[in-house]
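For reference, the structure is listed below as structure tokens.
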Amino acid sequence: MSANDRDWHPDTTLVHGGTTRSPFGETSEAIFLTQGFVYGTAEAAEARFNGDDPGFVYSRYANPTVAMFENRMAALEGAEAGIATASGMAAVNLALMACCKAGDHVVAAKALFGSCRYIVETLLPRFGVETTLVDGTDLDAWRAAIRPGTTACFLESPTNPTLEIIDIAAVADLAHAVGAKLVVDNVFATPIWQSPLALGADVVIYSATKHIDGQGRCLGGIVLGEKDWIDDEVMPFVKHTGPSMSPFNAWVLLKGLETLSLRVERQTTSAARLADLLAESDAVSRVIYPGRDDHPQADLARRQMRAGSTMIAFEMKGGKEAAFRFSNALKIVKMSNNLGDARSLVTHPATTTHQSVAEEARAELGIGAGLLRFSVGLEHPDDLAADLAAALAASRG
């Protein structure tokens, strides 16, 4: 990554950051669909393997197209380095595994995606890592849970699906007091609206499947942080266990980055308007949107984020039946468990993304039977507003 990468505005970095070119001088990034690389001499191979020559060895370790995606994301995020993975969940697992070993302690916010909770509640304890879940919005709960043996703290902000805002800077201070790293899943905020590293986080992770691709094409993830930690802790895990990103997917994601800011800005503008529309409906009991003054952490959202979100959560008054009637009546908005797409998408978390979370835990997180998660796309906002209005009318039964 050149020094200039860090001096550019984000929009420029999203187009040019981390780009390298072959001797052919191609305009668009090349796709290096190769498993391995050849060496001119045995001495050259030895130099590659012992680290004297920084070239590529094997695409499970590193690949030129994947490296461009990693370097562009690092430049955008203000990170020293990054490692791309095959999916967002591979990135979550990689980041947490690289932070701890048997006998360590991890503290995480309760409001997590269902698969993230599985890693924290089930997988890590299998390997001798003790874990504690806390109310992420309660700093006293973090303070009480973090202890000298804590090596990592993990949170999403905004959370999935209830869009809670967690004070990243405050949790970072508490983690750092005992030498722990703060790992932040920044998917709902996107790098356009929130910069966790600048707020004190040590590690940022993304499911690149979401806004970074943004067009429903491929899976991907990335872990970003300090170079020494990436090299010493993360890279050996990748090298020996293989959660590597496909070069083709890296190329698709590089294309997605070129329009990321344009898409997120348009989606956020539409989301703010549609959140107001939903809040005015007598079929909806509550709307949760970080850009609204009635959000439970509205002041923190304004301090921590540069704008609202492409995501809205809202509760239908008639519970699951009303939520299903609403969803089934939509014509433009599609039902899908994905988010951050060019298409507007709605999902019912209690029966899909958070179905594996115990009912009692869902209730504690505010994931009621009538809660819907709405990912706002790139359709014209007038058309989306009309689609929502018709579905709201149909939800009354």
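Some values worked out for this structure:
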| quantity | calculated |
| --- | --- |
| Listed residue pairs exceeding 21 Å between alpha carbons, taken from Lys210/Lys255; Lys181/Lys227; Lys101/Lys239; Lys110/Lys181; Lys210/Lys239 | Lys210/Lys239 |
| Loop-located GluC sites (Glu not before Pro) in segment 275-347, at most 13 other Cβ atoms within 10 Å (DSSP) | Glu280 |
| √(5λ) per eigenvalue of the Cα gyration tensor, segment 151-218, largest first, Å | 24, 12, 10 |
| Computed [θ] at 222 nm, deg cm²/dmol, the chain (DSSP H ≥ 4; -39,500 (n - 2.57); rounded to nearest 500) | -10500 deg cm²/dmol |
| Residue-wise HN-Hα coupling along segment 64-69, computed from phi with Karplus coefficients 6.51, -1.76, 1.60 (Hz; x: Gly, Pro) | x, 5, 4, 4, 5, 4 |
| Using alpha-carbon coordinates, inclination of helix 88-99 to the longest axis of the chain, degrees | 60 |
| Among Phe56, Phe188, Phe113: highest mean-square fluctuation, GNM of the chain, C-alpha pairs under 10 Å | Phe56 |
| Loop-resident sites, segment 47-131, for trypsin sites (Lys or Arg not before Pro), counting at most 11 other Cβ within 10 Å (DSSP) | Lys101 |
| Surface share of carbon and sulfur [accessible, 1.4 angstrom probe, percent] for the chain | 52 |
| P(r) histogram, all alpha-carbon pairs of the chain included - 20 Å bins from 0, percent | 28, 56, 15, 1 |
| Residue of Ala369, Ala283, Ala47 that the Gaussian network model of the chain assigns the largest fluctuation, springs spanning Cα pairs under 10 Å | Ala47 |
| Solvent-accessible area per residue, Å², over segment 175-293 with all protein chains present [probe radius 1.4 Å] | 36 |
| Descending Cα extents along the principal axes, segment 1-147, whole Å | 56, 40, 25 |
| Check: segment 106-154 dipole with +1 on Lys, Arg Cβ and -1 on Asp, Glu Cβ, in debye | 140 |
| Hydrodynamic radius (Kirkwood) for segment 1-66, which is based on Cα pairs only, to one decimal in Å | 14.0 |
| Computed Rg/Rh of segment 268-397, alpha carbon atoms with Kirkwood Rh | 0.94 |
| Degrees, to the nearest 10: 381-395 long Cα axis against longest axis of the chain | 50 |
| Sites Lys239 and Gln355, calculated FRET efficiency, Cβ-Cβ separation with R0 35 Å, nearest 0.05 | 0.50 |
| FRET E, pair Asp228, Leu123, Förster distance 30 Å, beta-carbon r, rounded to 0.05 | 0.70 |
| In segment 75-163, GluC sites (Glu not before Pro) in a DSSP loop with at most 16 other beta-carbon atoms within 10 Å | Glu80 |
| For the chain, built as a Gaussian network whose Cα springs stay under 10 Å, the top-fluctuating residue of Ala74, Ala109, Ala279 | Ala279 |
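The values are calculated or read from the model by the stated rules, or taken from the named source; none is laboratory data. Treat the numbers as computed from the prediction; the structure is a model and nothing was measured. We place every Cβ from the backbone using ideal geometry, glycine too, and count neighbours over all the protein chains shown. To get the accessible areas, we keep the full protein, side chains included, count just its heavy atoms, and leave off ligands, DNA and RNA. Shrake-Rupley method; radii C 1.70, N 1.55, O 1.52, S 1.80 Å.
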